[in-house]
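The block underneath contains the structure these notes are about, expressed in structure tokens.
Quick note: the coordinates plus some simple rules give every number you see, no bench work behind them. All figures in this text were calculated on a predicted structure; none of them were measured in a lab. Cβ: placed from backbone, ideal geometry, glycine included. Neighbour counts: every protein chain shown.
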Amino acid sequence: MRIKNLVYFVSLALLAACGGSYPTAYYPGKESTKTGITYTEDAEGAEEENTFVVRKYEGQPDAPGMVYIEGGRFVMGSFEEDVLQSMDNIERTVTVSSFYMDETEVANIHWLEYLQNVLDSGQRYYEEALPDTTVWAAELAFNDMYVDQYLRYPGFRYFPVVGVSWIQANNYCKWRTSIVNKVLAMENGNDEEIAAAEAGEKIPLESGIVVPAFRLPSEAEWDYAAQALIGLQDLDEMYAGRRLYPWDGHSLRNPYGDQQGTFMANFKRGRGDYAGIGGMLNDAAMITDWIYANPPNDFGLYNMAGNVSEWVEDIYRPLSYQDFDDLNPVRNSGFLDDENWGYIYDKPNYTTFIDNHVRVYKGGSWKDVAYWLATGTRRYLEEDSATSTIGFRCAMIRTGANY
């Protein structure tokens, strides 16, 4: 991305030197091409007649911990056999715009940082943000150490946070947006913006120094990022194949180098087999693992299969793949749920488990067998529920560019 932007800026500079350039977001010129009003970077100067504030713009600021995902066309849906006969992930070609996604799952240390911050807002906000650590508890298992220690013990700092509902994950995204933009404003803003940031006020997007909102990825974005098909590109917009998992081939083991033969993800190999045999552990993780464990995919994203499943934005509908748009698809409402269309989800009368408060989660976890590691598989859970197997990562649009 940086090389592409560098080439773009150099090209613009050459055009400007030759006197043949047109105004752009990066080089808007000295005055409006429609009114002739003079542009100024000085906010005070805007009060003068015939001036308009146009701040210097160098592109969308980098958000900490995020990776750029160049969008494009892909086949969304399961490349795996539909062993459950659910028919809810039939393949379909769609396009997603470029976006950003967290390199890793959100970890315990990140959530503890969040808890410390929201404590200043009051006890109620703090309690609402607390993960449900009892998700580790079981009547017929000794998991007391995870209930008491997994979230807070330093050794688990960079393990993925669990026990977090979809609602809590969304609240974290909103908090992260405000914190990151405050930091950016303090570092890059003018005196007025710095004062506003210190006062906790929102910095306008027109400034160009803040980022759009952090959010959960859509199901389509998650699938696209997990498949990372850039590693399979051939000539003439062709892919050399399909990916069942976030890596090449149909094997779960690493075929290369010193790691040859080791598993590519943290998952449950079979009944009662969570990590292998002592002295020669296969994925070396009885429960969750370090968020940087296992090789990243071709987008540089870690643990897009295994470790923990991840919440996405969409509400669950069996026919989403058939119904939604083929450009930036998402399902976040009950649109089409009426008798005229033949789709009736009557959860109050126990005719279904589906309503507008069940959300999709993706990717297999440490407790799942290999079937759920396939990128196209999908499951759902109530948005206010939490388990020891579901975490999340944030996404963000790439704005101000059409690539």
If you add up the charges near residue 210, with Lys and Arg at +1 and Asp and Glu at -1, over every other residue whose beta carbon is less than 10 angstrom from its beta carbon, what do you get? 0
Give 30/56; 34/56; 174/367; 174/202; 56/202 a once-over and call out the pairs whose C-alpha atoms are over 23 Å from each other. 174/367
Dipole size in debye (nearest 20) for segment 66-397 around its Cα centre, Lys and Arg Cβ +1, Asp and Glu Cβ -1? 840 debye
According to the square roots a ≥ b ≥ c of the eigenvalues of the Cα gyration tensor, what is the shape class of the chain, taking rounded for a/c under 1.5, prolate for a/b larger than b/c otherwise, and oblate for the remainder? prolate
Points 7 angstrom from Cα along the Cβ direction at residue 144 and residue 262: gap in nanometres? 3.4 nm
List every DSSP H helix in the chain whose Cα atoms extend 18 Å or more along the helix's own long axis and whose mean Kyte-Doolittle hydropathy is at least -1.0. 2-17, 166-188
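Return the loop-located GluC sites (Glu not before Pro) in segment 300-349 (DSSP other than H, G, I, E, B) with at most 15 other Cβ atoms within 10 Å of their own Cβ; answer none if there are none. Can you show the working numbers first?
Values: sites: 310, 313, 339; in loops: 339.
Of the GluC sites (Glu not before Pro), the ones in loops of segment 300-349 whose Cβ has at most 15 other Cβ atoms within 10 Å are 339.
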Virtual spin-label span in nm between residue 26 and residue 121, 7 Å along Cα→Cβ: 3.7 nm
